[in-house]
Amino acid sequence: MKSHHHQLLFMFLVFFAQKIELLTAETFTGTYGINYGRIADNIPSPDEVATLLRAAKIKNVRIYDADHSVLKAFSGTGLQLVVGLPNGFVKEMSANASHAMAWVKENVQAFLPKTSVCGIAVGNEILGGGDYELWEALLGAVKNIYNAVDKLGLADVVQISTAHSQAVFDNSYPPSSCIFRENVAQFMKPLLEFFSQIGSPFCLNAYPFLAYMSDPENIDINYALFQKTKGIYDMKTDLHYDNMLDAQIDATYAALEDAGFKKMEVIVTETGWASLGDTNEAAATVNNARTFNYNLRKRLAKKKGTPLRPKMVVKAYIFAIFNENLKSGPTSERNFGLFKPDGSISYDIGFHGLSSAESSLLSLKDFLL
């Protein structure tokens, strides 16, 4: 009788594990995704973008708002979309649960299931940023948005997260010494506690481009570009790193472990390399951008983990689809796109531009099967 119970329990656990696997798999298919920024007045329509992405077989997409023209254009495409609650809404959503419910109904539930909205990013790079009121409001906004999703019966479909910049960390070199900044930790830990309860990952915006530019004297550009290099050695963990992105991800795992969240997964929500910059941004060249993005695509295709977490397959959203001509800041900010505004490729890493995408889409009838 006992063995019968054990057998039933085992079968239930296997079934349960498969269910969990299915749920987590829905948020990110494979290892490669892309950010669809739209701070531009000369880029293709959302319908054309959907065509471009399907032809490129890029299925995972993040946007920074919940623009209805994009949500409509992605309907029936099979593209998996993470929408963003912009920073400007975070205080309101934190203060008012009914506003959070209205936002989720209007911008997520109304488009499901035809548009595959699989996540909501609540704010972007808030902790470590300059608005301390936002730091205080973030957890309340995350909870209210999650509770709205849960009450609508969508918690298994729509994952709640928020992306962090490197500004949340201290001592990120070598990777094993990384911790959360003291003034950030008091806000980060309750957030991580909640995310661990609801099964959300830690979302990291990691740019070897920016790290290299901050210290070109001491960082080998080949290390930042996934090229042949002697790399770095972390004495504490006895691990060797041959590229900077892996080191940035493992520094994040070290900080999470230090904070008590060893099992939390890290997903790279932004990474990329600019193809043009100002005179003081010498690393922003077409050649370097092509090298970084080509090698990154190859690295992600291996479906490998990092030295510290070899079983946690690295997943990343590339920044970005297009160069965005209306972005402020240095020239590099406007030149992260894999594609030019007219839909042609910025440089060749194996994707095709919009004109060939439109014709080749006819041969992609099996894409959604």
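Brief remarks on what is shown
- Leu134 being surrounded by 21 or more Cβ atoms within 10 Å (Cβ to Cβ) and of a type outside the set (Asp, Glu): no
- Candidate set: the stretch 57-77, residues that are over 18 Å from Lys105 (Cα atoms) and surrounded by fewer than 19 Cβ atoms within 10 Å (Cβ to Cβ); chosen: the one modelled with the lowest pLDDT: Lys57
- Screening Glu265 on (1) under 25 Å from Asp131 (Cβ atoms); (2) touching a Phe, Trp or Tyr at 6+ places or on another chain (Cβ under 8 Å) shows it passes everything except condition (1).
- Of residues in the stretch 160-171 being open to solvent by 40 Å² or more (accessible area, probe 1.4 Å) and not in a helix (DSSP H, G or I), the one modelled with the highest pLDDT: Asp170
- Residues that are out of contact with any strand residue (DSSP E or B) (no Cβ under 8 Å at 6 or more places or on another chain) and closer than 24 Å to Arg54 by Cα do occur in the stretch 306-319.
- For the stretch 314-335, filtered to residues that are in a loop (DSSP other than H, G, I, E, B), of a type outside the set (Val, Ile, Thr) and open to solvent by less than 10 Å² (accessible area, probe 1.4 Å), the residue that is nearest to His352 (Cα to Cα) is Ala320.
- The one condition in (1) at pLDDT below 95; (2) in contact with a helix residue (DSSP H, G or I) (Cβ under 7 Å, 6 or more places away or on another chain) that Glu133 fails to fulfil: (1)
- Residues of the stretch 41-56 satisfying the condition of being under 19 Å from Ile318 (Cα atoms), open to solvent by 20 Å² or more (accessible area, probe 1.4 Å) and assigned to a loop (DSSP other than H, G, I, E, B): Ile43
- If you go through the stretch 137-159 and keep only what is within 22 Å of the chain's Cα centre (by Cα), within 12 Å of Ile120 (Cβ to Cβ) and open to solvent by less than 20 Å² (accessible area, probe 1.4 Å), you end up with Ala141, Val142, Ile145, Val149, Val158.
- Some residue of the stretch 110-124 being in a helix (DSSP H, G or I), buried (at least 19 other Cβ atoms within 10 Å of the Cβ) and either of a type outside the set (Asp, Glu) or over 21 Å from the mean Cα position of the chain (by Cα) (or both): yes
- When residues of the stretch 195-217 are limited to those that are in contact (Cβ under 8 Å) with a residue 60 or more places away in the chain and polar (S, T, N, Q), the one least open to solvent (accessible area, probe 1.4 Å): Asn205
- Test: Val157 is in a loop (DSSP other than H, G, I, E, B), in contact with a helix residue (DSSP H, G or I) (Cβ under 8 Å, 6 or more places away or on another chain) and closer than 30 Å to Tyr253 by Cα: yes
The values are calculated or read from the model by the stated rules, or taken from the named source; none is laboratory data. Bear in mind that the values here come from a model prediction, so they are computed numbers and not experimental data. FYI the Cβ positions are ideal-geometry reconstructions off the backbone, even for glycines, and counts take in every protein chain you see. Accessible surface areas use protein heavy atoms only, side chains included; no ligands, DNA or RNA. Shrake-Rupley method; radii C 1.70, N 1.55, O 1.52, S 1.80 Å.
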